[in-house]
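Since the structure comes first, as structure tokens, the remarks are kept for the end.
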Amino acid sequence: MSGVVITGWSATSPAGVGRAALADRLATVVGTAAAGDARPVGVAASTTPGGAWPVEPPPATPVDVTALSDEPLPTPTGHALVDFDVRAHLGRKGTSFYDRATALAVVACGDALRDAAVEVDDTNRSRLGVVLGTSLGSFRSTSDYTRETLVQDKPYLVNPVLFPNTVMNCAAGQAAIRYGLRGVNATVATGPLAFLDALRYGTNAIARGYVDAMLVGAVEEFSPHRAWTTWLTGQPGRSTPTGEAAAVFLLTRADRPDWAGPRREAEVLALTTGYGPGGGPAADQALTGCVTRAVRRAGVEPADISCVLTGETDPDDTDEYAPACAALGHVPARLRVSRLFGRCDAATGGLALASFLASEPPEPAPRLALLTGRSPDGGTAAAIVRGWPGAGASDR
């Protein structure tokens, strides 16, 4: 795992398109939180010098999302990039049949390539791959296509052009087509763990020599289908609003100057996975074990980890934070991106890493972050990333 670096990234989120938009949103909310010292119950300030967040930002206010669908929604508000228009970023050609998840991901992939200053041509396209995490692709595309096969007149007059959107690897495939990437192409559909699993897949592909660089990310779209799922599975009246995002990072080996270039923003030091059958205490123990192994493999001191980036969504949820703190032996700062961008499911981990890199540290020194993930069936994962100075907003 050691030696895999991030040289560029981008995110398409409710904050806007690109890293600058995300950095601006974080600067605003973190400043607001610091001014009011609005720390939620159970969330401590970092005990480590140079912690990224002195207090956890307050929940962001959801926006009106009714313009995104003619179908009924459980609530008229959510966290989405309402004015997103894929043609404004990619043009009309080839985008007419993109669903929302594909559009968000393809835009983020292209922006990440530009941010890393990578020019794709015949000399390198076969050594550059893509892996994206998701829950099940575009829930809306799959559901709508299936419905069409039931309601259309026989012989089931469904538009065949829409069929590719129903498969989970649509976004990764379209990104490869758009940018001419012929390296490893994969999709990891593991829900809350999807980004960390995609990160593991991508670093393994690089370490084993299958590719020289990988676009690694995750995507989740806003749709009535996901909004209803969030509403029906959350706590009544307390469910975190549905969100959407695509976060993509360009990874390569540090010893490849032709890919890494002069700017290396972060290094993936370790990534571990585990399983606690049935969830509950068994999953707590599994996550604690993941964190302990990740610290050991990264070769760092637990006390040097300044922040924990968790995928928790409920207001009082500490299912990831508590086991992480137990393994570390101290209480770092915590950031739950669901408070800022809603419930983004598979994209939560990617958005968390992007938020870490986009935040401006109080001191220009390397920072260590712990990313955690946990699924309802007992799956757990943890990653340790070192962010270097200058990884915030870029003018590229």
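The values are calculated or read from the model by the stated rules, or taken from the named source; none is laboratory data. The structure displayed is predicted, hence computed values, not measured ones. Counting neighbours? That spans all protein chains shown, and the Cβs are built from the backbone with ideal geometry, glycine included. Surface accessibility is based on the protein's heavy atoms, side chains included, excluding ligands, DNA and RNA. Shrake-Rupley method; radii C 1.70, N 1.55, O 1.52, S 1.80 Å.
Do we have any residue at all in the stretch 340-353 that's assigned to a helix (DSSP H, G or I), surrounded by fewer than 24 Cβ atoms within 10 Å (Cβ to Cβ) and at pLDDT 90 or above? The answer is no; no qualifying residue exists.
Within the stretch 360-396, the residues that satisfy the criterion of being closer than 21 Å to ALA27 by Cα, small (Gly, Ala, Ser) and at pLDDT 85 or above are ALA369, GLY387. Restricting attention to the stretch 14-29, the residues that are farther than 18 Å from VAL248 by Cβ, out of contact with any Leu (no Cβ under 9 Å at 6 or more places or on another chain) and of a type outside the set (Ser, Thr, Tyr) total 2.
Among the residues of the stretch 299-321, those identified as assigned to a helix (DSSP H, G or I) and either open to solvent by less than 20 Å² (accessible area, probe 1.4 Å) or among the charged types (D, E, K, R) (or both) are ASP304, TYR321.
The set of residues in the stretch 92-113 being at pLDDT 95 or above and surrounded by fewer than 20 Cβ atoms within 10 Å (Cβ to Cβ) consists of GLY110 alone.
I'd like to check something: does the stretch 128-138 contain any residue that is surrounded by fewer than 20 Cβ atoms within 10 Å (Cβ to Cβ), in contact with a Ser or Thr (Cβ under 6 Å, 6 or more places away or on another chain) and not hydroxyl-bearing (Ser, Thr, Tyr)? Checking the stretch 128-138: not a single residue is surrounded by fewer than 20 Cβ atoms within 10 Å (Cβ to Cβ), in contact with a Ser or Thr (Cβ under 6 Å, 6 or more places away or on another chain) and not hydroxyl-bearing (Ser, Thr, Tyr). Of the residues making up the stretch 324-339, those that are assigned to a helix (DSSP H, G or I) and open to solvent by 10 Å² or more (accessible area, probe 1.4 Å) are CYS325, ALA326, ALA327, LEU328, ARG339. Checked against (1) of a type in the set (Gly, Ala, Ser); (2) modelled with pLDDT of 95 or more; (3) touching a Phe, Trp or Tyr at 6+ places or on another chain (Cβ under 7 Å), ALA194 meets all criteria but (3).
Of the set (1) out of contact with any Ser or Thr (no Cβ under 8 Å at 6 or more places or on another chain); (2) in a helix (DSSP H, G or I); (3) open to solvent by less than 70 Å² (accessible area, probe 1.4 Å); (4) among the hydrophobic types (A, V, I, L, M, F, W, C), all apply to LEU181 but (2).
Taken over the stretch 184-227, the criterion of being among the small types (Gly, Ala, Ser) and either touching a Lys or Arg at 6+ places or on another chain (Cβ under 9 Å) or assigned to a strand (DSSP E or B) (or both) is satisfied by ALA186, ALA189, ALA207, ALA213, GLY217, ALA218, SER223.
Tell me yes or no: at least one residue of the stretch 193-200 is closer than 22 Å to GLY349 by Cα and among the charged types (D, E, K, R).
Yes: one or more hits.
Looking only at residues in the stretch 46-68 that are among the hydroxyl-bearing types (Ser, Thr, Tyr) and either within 24 Å of the chain's Cα centre (by Cα) or modelled with pLDDT under 75 (or both), the one that is most open to solvent (accessible area, probe 1.4 Å) is THR61.
Is it the case, given these coordinates, that THR190 is touching an Asp or Glu at 6+ places or on another chain (Cβ under 8 Å), more than 23 Å from ASP70 (Cβ to Cβ), polar (S, T, N, Q) and open to solvent by less than 70 Å² (accessible area, probe 1.4 Å)? Taking the combined requirement at face value, the residue satisfies it.
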